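Structure first, commentary second.
The values are calculated or read from the model by the stated rules, or taken from the named source; none is laboratory data. None of these values were measured; they are calculated from a predicted model. With ideal geometry, Cβ positions are generated from the backbone for all residues, glycine too; neighbour counts draw on all protein chains shown.
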Amino acid sequence: MLQRLPLLVFSDLDGTLLNHHDYSWDAAQPALKRLRDIGAGLVLASSKTAAEIVGFRQAIGFSNMPSIVENGAGILAPGHPETDGPSEYLNILNILRHLPPGFRGFADMSVQEVSDRTGLDLVAAEKAQDRHFSEPGVWDGAPEDLGTFISEAGRYGLKARQGGRFLTLSFGKTKADAMSDVIRQLQPERTIALGDAPNDLEMILAADTGVVVANRYGAPIPLQAPEAERRIFRTTREGSEGWAEAILTLTAPDHKDS
Ligand SMILES: [Mg+2]
């Protein structure tokens, strides 16, 4: 019989496994090695696209695991798959044609414009435009028309979520939804989820142990009710150092879950 996965770790990228300021993950290396040594899995969960994530997943040595992409709207299978045709994405673009004008999505923008709006270089911007499950954009119409646009989109099943920079349209799945799909599939004995921002909170609360990685630059994850807070590990260090702090502590042989 196949051995059950002893531990499955879900992790946000920016500000969590990657440093906020220089995107380095060097400090996480000992913790990544620990996960490999104990036979644990690591599922990256990010707003990034499959094209943006696949190279990094390989670099950290977890190409055997699925990744949660586009904020939970989709899952990138293990390996180096030719990602399926972007049919869900084409659906979104089709629906947009039936909606009142005013939304300017990544599909309407040149690579240069995406680069200007995100701060990504042109190569990275092109990968960010290679979308399969969701469409980020900006509202160019009159502010008073936005409500109508969002409710019309809702009639087609599209959900609009306002992030820091973009209004993103998708069929509404979150990182936590995708996480429960992966858990159902892989049936791990134990789960840990790490994040640094309020949009990671659902995922953090859905794990056996949640980790809040300190981030002095962003909106904090507020204290939770005591029974939830007991299952949360809050790091003192930031970014990849905080990531290593949490994983090395929580996977230490003498560690006891509370
Ligand atoms: Mg983050």
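Do you know which of the residues in region 2-28 that are more than 11 Å from Ile247 (Cα to Cα) and assigned to a helix (DSSP H, G or I) is nearest to the ligand (Cβ to nearest atom)? Once the filter is applied, the top-ranked residue is Ala27. Taken together, the residues in region 215-230 that are within 12 Å of the ligand (Cβ to nearest atom) and of a type in the set (Gly, Ala, Ser) amount to 2. Does Ala142 satisfy the criteria of being surrounded by fewer than 19 Cβ atoms within 10 Å (Cβ to Cβ), of a type outside the set (Lys, Arg), within 24 Å of Ile68 (Cα to Cα) and outside the structural domain of Asp14 (by TED's automatic domain parsing)? Against the criterion (surrounded by fewer than 19 Cβ atoms within 10 Å (Cβ to Cβ), of a type outside the set (Lys, Arg), within 24 Å of Ile68 (Cα to Cα) and outside the structural domain of Asp14 (by TED's automatic domain parsing)), Ala142 does not qualify.
Close Cβ contacts (under 7 Å, 6 or more residues apart or on different chains) running from residues in region 1-21 that are farther than 18 Å from Gly55 by Cβ to residues that are surrounded by fewer than 17 Cβ atoms within 10 Å (Cβ to Cβ) and modelled with pLDDT under 90 comprise Gly15/Gly218; His20/Tyr217.
Only one of the numbered conditions (1) more than 15 Å from the ligand (Cβ to nearest atom); (2) closer than 30 Å to Phe10 by Cα is not met by Tyr156, and that is (2).
Counting only residues that are at positive phi and not acidic (Asp, Glu), region 41-76 holds 3 of them. Number of residues in region 92-133 that are touching a residue at least 40 places away in the same chain (Cβ under 8 Å) and under 17 Å from Glu152 (Cα atoms): the value is 11. When Ile92 is tested against the conditions (1) away from the ligand (no atom under 16 Å from the Cβ); (2) surrounded by 22 or more Cβ atoms within 10 Å (Cβ to Cβ); (3) within 27 Å of Pro220 (Cα to Cα); (4) modelled with pLDDT of 95 or more, the lone failure is (3). Going by what's in this entry, would Glu189 be described as assigned by TED's automatic domain parsing to the domain that holds Arg34, buried (at least 19 other Cβ atoms within 10 Å of the Cβ), charged (D, E, K, R) and at pLDDT 95 or above? No; evaluated as a whole, the condition is false for this residue.
Conditions tested, residue by residue: (1) part of a loop (DSSP other than H, G, I, E, B); (2) hydrophobic (A, V, I, L, M, F, W, C); (3) buried (at least 22 other Cβ atoms within 10 Å of the Cβ); (4) in contact with a Cys (Cβ under 7 Å, 6 or more places away or on another chain).
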residue	(1), (2), (3), (4)
Arg216	yes, no, no, no
Pro222	yes, no, no, no
Glu241	no, no, no, no
Leu248	no, yes, no, no
Ala252	yes, yes, no, no
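Within region 177-213, take every residue that is acidic (Asp, Glu) and out of contact with any Ser or Thr (no Cβ under 7 Å at 6 or more places or on another chain) and give me the one that is farthest from the ligand (Cβ to nearest atom). Among residues in region 177-213 that are acidic (Asp, Glu) and out of contact with any Ser or Thr (no Cβ under 7 Å at 6 or more places or on another chain), the one farthest from the ligand (Cβ to nearest atom) is Glu189. For residues that are of a type in the set (Gly, Ala, Ser) and surrounded by fewer than 21 Cβ atoms within 10 Å (Cβ to Cβ), scanning just region 1-36, find the one that is modelled with the highest pLDDT. Of everything passing the filter in region 1-36, Ala27 is modelled with the highest pLDDT.
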